[in-house]
């Protein structure tokens, strides 16, 4: 029998209604800068991850020509979405500027997973290449494209469990490096993602069960092969650090745009959340850089709010959404996760601002509205963060929280960033059906 306190019971009861809900993290109020010491990796490790990506930039630019303009850097733009803001907020009740972080057009795999997934595989490739004397840290890593080097990498294997986008990112980069690659995909994964991977020579293994089952099966299969590296979305420190580099990149973009972040200029970020590793890495990175001047919220589907559930009850990975009667099923395939990452809950629990839930049909309406107002096409899960700024600043619970945080009078100076997590690789026919569904 699962046990939690009265506040946990209140949150569970709210989640069980399957209505959109905003949860504010009470632990945040106890947080100060010293709390970040609980995380073993710090700014130095985040910078080390960024440096590793720079070392691989020549190879990335060579293998993925779409990155040549950025010198092999896999990064996305930060854009203002004033038309969308006016559509969603005609009464101009939301103070501050609204931005979209466009990870939907990240090069290579077109989703936020290009950050963590690709980083972990590049770190693995570097380790193997150094071990075999294929490179030194001072070398131009584009030599890894040489056939004899790829032959050595092909003696190793990579496996990953995924609902879709992580498998796509890991599969694309692993296949390009020469690794034997196996992607274990849950029933929630969309067919076009499986087809894309198979076209690259990746072995795709499908499961009738959910995300956790696919991850467990992949983990077990990889354990039997000493030359197989398993990308573990639930516990991987490398994935987490790969995502955290996004905070360093965003810091530069904010500086370029002249956007200040300090006590008088709060930064509010809204990120779609599945198991939690991606948004967790970004949130942690932003906390390293901005401390309590960054307020990060995770957005989850009403049927699979696993991180909200794990944090609010304090049970982290020891409770699943099915335990409280939810299905875990959602049209937002990348967010169809029933059980949160325990390590991520431990790392972000002290400073995360909160979580909120979104109905599937709301995602489709937002998808169509963004297309019509800004000409931007996202997949459904990538819209999960969009209701955040509006619910936070116009609903009673949000207004109360803003007042408690001393933010009410500062919102005019605020930057709201909605993180778009994927969409550019969705086939045209499927995207058209998404847009039509949102209009009906």
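We did not get these values from a lab; they are worked out from the coordinates using the rules stated. In this text, all values refer to a predicted model and were calculated from it rather than measured experimentally. Positions of Cβ are generated from backbone atoms using ideal geometry, with glycine treated the same way; all protein chains shown enter the neighbour counts.
Placing R0 at 22 angstrom, the Cβ-Cβ distance between residue 252 and residue 436 gives a FRET efficiency of 0.05 after rounding to 0.05.
With no solvent and one equal point scatterer placed on each C-alpha of the range 112-234, evaluate the Debye formula and give log10 I(q)/I(0) for q = 0.16, 0.17 Å⁻¹, two decimals. One equal scatterer on each Cα of the range 112-234 leads to -0.71, -0.79. What shape does the range 263-378 have by the C-alpha gyration tensor, where a ≥ b ≥ c are the square roots of the eigenvalues, rounded means a/c under 1.5, and otherwise prolate means a/b greater than b/c and oblate the rest? Oblate shape, in that a/c is at least 1.5 and b/c is the bigger or equal ratio. The label-point distance for residue 264 and residue 346, in a model that sets each label 7 Å from Cα toward Cβ, rounds to 4.1 nm. Once the Cα atoms are used to define both axes, helix 43-63 deviates from the longest principal axis of the chain by about 50 degrees. Of the beta bridges in the chain, as assigned by DSSP with both residues counted there, near 20 percent are antiparallel.
So for the range 112-234, averaging the separation of alpha carbon pairs under 8 Å that are six or more residues apart and normalising by length, what relative contact order in percent results?
26
Each part gets one Cα centre, and for the range 317-347 versus the range 154-178 those centres are 23 Å apart. Relative to the longest principal axis of the Cα atoms of the chain, the long axis of helix 6-16 lies at roughly 80 degrees. The modelled label-to-label distance for the pair residue 18/residue 429, using points 7 Å beyond Cα in the direction of Cβ, is 3.0 nm. Against the chain, whose longest principal axis comes from its Cα atoms, helix 277-290 is set at around 70 degrees.
Please report, to two decimal places, log10 I(q)/I(0) for the range 302-440 at q = 0.21, 0.22 Å⁻¹ as given by the Debye formula with identical point scatterers on the Cα atoms and no solvent. Debye output, listed in q order: -1.28, -1.30.
Each of residue 224 and residue 318 was given a label point 7 Å from its Cα along the Cα-to-Cβ line. The distance between the two points is 3.2 nm. Can you compute log10 of I(q)/I(0) for the range 36-190 with the Debye formula, treating each Cα as one identical point scatterer, at q = 0.08, 0.13, 0.18 Å⁻¹? Values returned for q = 0.08, 0.13, 0.18 Å⁻¹ are -0.31, -0.71, -1.13.
For the chain, the Kirkwood estimate of hydrodynamic radius, built from reciprocal distances between every pair of different alpha carbons, is 21.8 Å. Here the sum of -39500 (n - 2.57) over DSSP H runs of 4 or more residues, divided by the residues of the chain, equals -13500 deg cm²/dmol at 222 nm, to the nearest 500.
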